[in-house]
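K.L.:
This structure is in structure tokens; I'll ask about it shortly.
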Amino acid sequence: MEIREFGIYGGQFVEGEILKAIKEVEYAFEQYRNDPTFLNEFHDLLKNYASRPSMLYYAKRMTEDLNGAKIYLKREDLNHTGAHKINNVLGQVLLARRMGKTRIIAETGAGQHGVATATACALFGLECEIYMGEEDMRRQALNVFRMQLLGAKVNGVKMGTKTLKDAVDAAFYDFATHLENTYYLIGSAVGPHPYPLMVREFQKVIGEEIKVQILEKENRLPDLVVACVGGGSNAIGAFYDFLNDTEVGLLGCEAAGKGLGTKLHAATMTLGKDGVFHGMYTKFIQDDLGQVLPVYSISPGLDYPGVGPEHVHLLESKRASYIAVTDEEAVYALRYLSKMEGIIPAIESAHAVFGAMQKAKTMGKDQIIVINLSGRGDKDMEELSNY
């Protein structure tokens, strides 16, 4: 349908019973998004359950070693459950409860969204099922156990590449067959309207906090905000409050995998083409016939073949820029930050660390970069040791 929130991108490309269910979510979101009681409950949970505001940390040794811009880390890795995902999950679970839904389903790649969803469902006593590709379950076995420990049923998806795209497909199928009592809690800024808008609204607290914190520390705004981009929820959360501050650069770092010259990448913003999939019009990695292709990244949270439509709008309007970071570069940045600051980031977040490191070297010492450190690396230890 012709609902386009972000220039020509976005939309509601679903039909039949799914469209009816999406419309129910849309109406509920519009009813409650500005409701004071709803917002008070949401922000109370962010503060007293998710441990917000998250810290803005000055990376002194990193700054001195790179000999360029001053670097700050927005420590989303310190949130309850270890990533930014809990922000959006708490908002959507509150919405689902107001809609009278008793069963929550979700997709997950790296497992952080699945863990956050299972956590919130445990908090509110809701039934929870998570769809996760079997390849991602292998790579993120620790998070699978965490979800199960929290009471969620984790369904391994055997079809396709057995990764995030296929988990989304399976979750949509479940949603279509259990509409009466089920709410589909999408984890990134993707999917049919209102999901990309809703996820951004629940994640924009990241950028709001960065702005307040950097003004307190430096008495001015940063020159650059950097975040990794798969579907794009942590990045749009970090970027959104700065969109009208045109002196602040915005840089998204996506997954180049084994290299842009190979087929083993997930560089949607760099090599993707406009198309419709998973209920939205945005960019996807696809062939000349419009068939969505398999993608790859060492980081399961970034190996999605599309990207949130608001990011494509920011690219096309030149408000933000996007680069692709290889597995090798991300792992280098992960090791660097670990040894330099004693902070082990998620492999996803390490893509942003690498992009910021490259930018910092070209900037003056009077300039400031904020990296959104979207998650912690505990979940990635086995994969890193194998690498």
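The values are calculated or read from the model by the stated rules, or taken from the named source; none is laboratory data. All figures in this text were calculated on a predicted structure; none of them were measured in a lab. No Cβ is skipped: glycine too gets one built from the backbone with ideal geometry, and neighbour counts run over all protein chains shown. Just the protein is used for accessible areas: all its heavy atoms, side chains included, with ligands, DNA and RNA removed. Shrake-Rupley method; radii C 1.70, N 1.55, O 1.52, S 1.80 Å.
K.L.:
Could you list all residues from region 315-343 that are aliphatic (A, V, I, L, M) and in contact with a Phe, Trp or Tyr (Cβ under 7 Å, 6 or more places away or on another chain)? It would help to see each step written out before you state the result.
P.N.:
Residues of region 315-343 aliphatic (A, V, I, L, M): 315, 320, 323-325, 330-331, 333-334, 337, 340, 343.
Result: Leu315, Ala320, Val325, Ala330, Val331, Ala333.
K.L.:
Let me ask another. Hey, can you tell me all the residues within region 176-196 that are within 14 Å of the chain's Cα centre (by Cα), small (Gly, Ala, Ser) and more than 16 Å from Ile86 (Cβ to Cβ)?
P.N.:
Step one: of region 176-196, the residues within 14 Å of the chain's Cα centre (by Cα) are 185-191, 195-196.
Within this subset, residues satisfying the condition of being small (Gly, Ala, Ser) are 187-189, 191.
Answer for region 176-196, where residues must be within 14 Å of the chain's Cα centre (by Cα), small (Gly, Ala, Ser) and more than 16 Å from Ile86 (Cβ to Cβ): just Gly191.
K.L.:
With the structure loaded, tell me whether Val199 is surrounded by 24 or more Cβ atoms within 10 Å (Cβ to Cβ), touching a residue at least 24 places away in the same chain (Cβ under 8 Å), more than 20 Å from the chain's Cα centre (by Cα) and closer than 24 Å to Glu17 by Cα or whether it fails that test. Write out each step before concluding.
P.N.:
Details: surrounded by 24 or more Cβ atoms within 10 Å (Cβ to Cβ): yes; touching a residue at least 24 places away in the same chain (Cβ under 8 Å): yes; more than 20 Å from the chain's Cα centre (by Cα): no; closer than 24 Å to Glu17 by Cα: yes.
In short, no.
K.L.:
Name the single residue that is surrounded by the fewest Cβ atoms within 10 Å (Cβ to Cβ) among those in region 42-54 being of a type outside the set (Phe, Trp, Tyr) and out of contact with any helix residue (DSSP H, G or I) (no Cβ under 6 Å at 6 or more places or on another chain).
P.N.:
Just the residues of region 42-54 that are of a type outside the set (Phe, Trp, Tyr), to begin with: 43-48, 50-54.
Then keep just the ones that are out of contact with any helix residue (DSSP H, G or I) (no Cβ under 6 Å at 6 or more places or on another chain); that gives 43-44, 46-48, 51.
Details: His43: 14, Asp44: 11, Leu46: 22, Lys47: 11, Asn48: 9, Ser51: 14.
Among those residues, the one meeting the criterion is Asn48.
K.L.:
Can you tell me how many residues in region 115-167 are under 22 Å from Tyr296 (Cα atoms), of a type in the set (Gly, Ala, Ser) and assigned to a helix (DSSP H, G or I)?
P.N.:
Qualifying residue count, region 115-167: 2.
K.L.:
Is it true that some residue in region 89-99 is small (Gly, Ala, Ser), in a helix (DSSP H, G or I) and surrounded by fewer than 24 Cβ atoms within 10 Å (Cβ to Cβ)? Explain how you work it out, then say what you get.
P.N.:
Filtering region 89-99 down to residues small (Gly, Ala, Ser) leaves 91, 96.
Pick out the ones that are also in a helix (DSSP H, G or I) and you get 91, 96.
Next, only the ones that are surrounded by fewer than 24 Cβ atoms within 10 Å (Cβ to Cβ) stay: 96.
For region 89-99, residues small (Gly, Ala, Ser), in a helix (DSSP H, G or I) and surrounded by fewer than 24 Cβ atoms within 10 Å (Cβ to Cβ): present.
K.L.:
Further question on the same structure: Inside region 227-270, can you point out the residues that are within 15 Å of the chain's Cα centre (by Cα) and of a type in the set (Asp, Glu)?
P.N.:
Hit for region 227-270 is Glu254, nothing else.
K.L.:
Let me ask something else. What number goes with the only condition from (1) of a type outside the set (Gly, Ala, Ser); (2) open to solvent by 30 Å² or more (accessible area, probe 1.4 Å); (3) over 30 Å from Ala176 (Cα atoms); (4) assigned to a strand (DSSP E or B) that Val276 does not pass?
P.N.:
Here Val276 meets the rest and fails (3).
K.L.:
Please return the ranges of helices (runs of 4 or more DSSP H) entirely within region 322-387 where 3 or more residues are under 14 Å from Ala255 (Cβ atoms) and open to solvent by 10 Å² or more (accessible area, probe 1.4 Å). Reasoning before the result, please.
P.N.:
Working: elements: 327-341, 347-360, 381-386.
Passing ranges, in order: 327-341.
K.L.:
In the set Arg146, Arg138, which member is more than 21 Å from Val190 (Cβ to Cβ), open to solvent by 30 Å² or more (accessible area, probe 1.4 Å) and without any contact (Cβ under 8 Å) to a residue 24 or more places away in the chain?
P.N.:
Arg138
K.L.:
Restricting to region 202-226, and then to whatever is under 19 Å from Val353 (Cα atoms) and assigned to a helix (DSSP H, G or I), can you tell me which residue is nearest to the chain's Cα centre (by Cα)?
P.N.:
The initial filter retains those residues of region 202-226 that are under 19 Å from Val353 (Cα atoms), namely 206-207, 210, 214, 222-226.
Imposing the further condition that a residue be assigned to a helix (DSSP H, G or I) reduces the set to 206-207, 210, 214.
Working: Ile206: 12, Gly207: 14, Ile210: 17, Ile214: 22 Å.
Looking at residues that are under 19 Å from Val353 (Cα atoms) and assigned to a helix (DSSP H, G or I), I get Ile206.
K.L.:
Evaluate the following for Gly230: is it small (Gly, Ala, Ser), out of contact with any Phe, Trp or Tyr (no Cβ under 6 Å at 6 or more places or on another chain) and surrounded by 23 or more Cβ atoms within 10 Å (Cβ to Cβ)? Spell out how you get there, then give the answer.
P.N.:
On the way: small (Gly, Ala, Ser): yes; out of contact with any Phe, Trp or Tyr (no Cβ under 6 Å at 6 or more places or on another chain): no; surrounded by 23 or more Cβ atoms within 10 Å (Cβ to Cβ): yes.
For Gly230, the condition - small (Gly, Ala, Ser), out of contact with any Phe, Trp or Tyr (no Cβ under 6 Å at 6 or more places or on another chain) and surrounded by 23 or more Cβ atoms within 10 Å (Cβ to Cβ) - is not met.
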